[in-house]
Amino acid sequence: MRTKFTPIQIAIHWTVFLIVAATYATIELKGFVPKTLPLHQLLTLLHFSFGFCVLALMFLRVFVRLMYVTPGIVPKPPQWQHLLAQLTHLIIYMMFISIPILGILSLYFKGMEWTLFSLKMPITIAPDLAFSRQLKSIHEFIANAGYYLIGLHAAAALFHHYIAHDNTLLRMMPGGKSAGGNNH
């Protein structure tokens with residue numbers, strides 16, 4: 001029986017974390033840079049590109065998660081904590097899949113040229129600015145809620161490590177060996 005997530009699961013988790021942090025950082029920093037400066041456009045391009053990377057990695061993460069059984073928490077937490085953790089993970093997955101999709105769709109329906117990794121992306125021939133603004137508003141609302149959910153996720157991991165004294169956090173830490181096989 002495995003005591004840790006697989007190396008690929010751990011790598012994807014921490015890569016998503018870093019790219020999500022970079023995505024949030026670029027949009028926050030962009031607010032401090034005048035629109036006339038090239039840095040503003042660079043931060044915009046990076047935000048779009050990092051967001052797309054999050055989307056791609058989240059699809060990969062879902063695929064990889066379906067391939068492996070989640071290692072158990074030792075000692076086993078109460079059922080309510082297990083259910084809350086499952087719900088939180090589902091929301092995190094949905095959030096970091098929907099945020100980039102909403103962002104991409106808002107740009108598509110805006111009808112203005114935009115790039116992803118410096119590649120021109122398709123836009124609608126019949127822009128709908130009101131719909132684009134609605135999508136962007138939902139994108140921003142969910143992204144702002146993401147700050148709280150990420151904080152809750154990190155606090156829960158620290159709670160499990162320092163107060164519950166279980167292996168929740170250690171299961172996702174790089175390094176070390178996992179007991180047992182790689183698969184189901």
Query raised in the report: Per the helix-only calculation at 222 nm, which mean residue ellipticity applies to the chain, given -39500 (n - 2.57) for every DSSP H run of n ≥ 4 and division by its residues, nearest 500 deg cm²/dmol?
Result: -23500 deg cm²/dmol
Requested in this report: Please identify every one of the trypsin sites (Lys or Arg not before Pro) in the range 1-84 that sits in a loop by DSSP and has no more than 14 other beta carbons within 10 Å of its own beta carbon.
Outcome: Lys35
Query raised in the report: Where the accessible area of the range 30-90 is counted over protein heavy atoms with a 1.4 Å probe, how much of it, in %, is carbon and sulfur?
Result: 78 percent
Query raised in the report: How many lysine pairs does the chain hold where the Cα atoms are under 29 Å apart and the two sit 8 or more places apart or on different chains?
Result: 12
**Report entry** Net lengthening on full extension, Leu129/Phe141 (0.36 nm per residue, minus Cα-Cα)
**Finding:** 2.5 nm
Query raised in the report: Just the Cα atoms of the chain, one point each, no solvent: what log10 I(q)/I(0) does Debye give at q = 0.14, 0.15, 0.17 Å⁻¹?
Result: -0.85, -0.94, -1.12
Query raised in the report: Mind listing which chymotrypsin sites (Phe, Trp or Tyr not before Pro) in the range 1-83 are in a DSSP loop and have 12 or fewer other Cβ atoms within 10 Å?
Result: Phe32
Query - Only Lys, Arg (+1) and Asp, Glu (-1) charged, at Cβ; the range 43-184 dipole about Cα centre in debye - result: 220 debye
Query raised in the report: So what's the gap between the Cα centers of the range 7-44 and the range 128-177, to the nearest angstrom?
Result: 16 Å
Query raised in the report: Per the Kirkwood treatment, what hydrodynamic radius in Å, one decimal, follows for the range 104-161 from the mean inverse distance over all distinct Cα pairs?
Result: 13.4 Å
**Report entry** Rounded accessible area per residue of the chain, 1.4 Å, Å²
**Finding:** 63 Å²
**Report entry** Residue-span extension gain [Leu66 to Lys120] - 0.36 nm each, minus C-alpha spacing
**Finding:** 16.1 nm
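The values are calculated or read from the model by the stated rules, or taken from the named source; none is laboratory data. A quick note: this is a predicted structure, and the numbers were derived from the prediction, not measured. We place every Cβ from the backbone using ideal geometry, glycine too, and count neighbours over all the protein chains shown. Ligands, DNA and RNA are stripped out before the accessible areas are found, and what is left, the full protein with its side chains, is counted by its heavy atoms. Shrake-Rupley method; radii C 1.70, N 1.55, O 1.52, S 1.80 Å.
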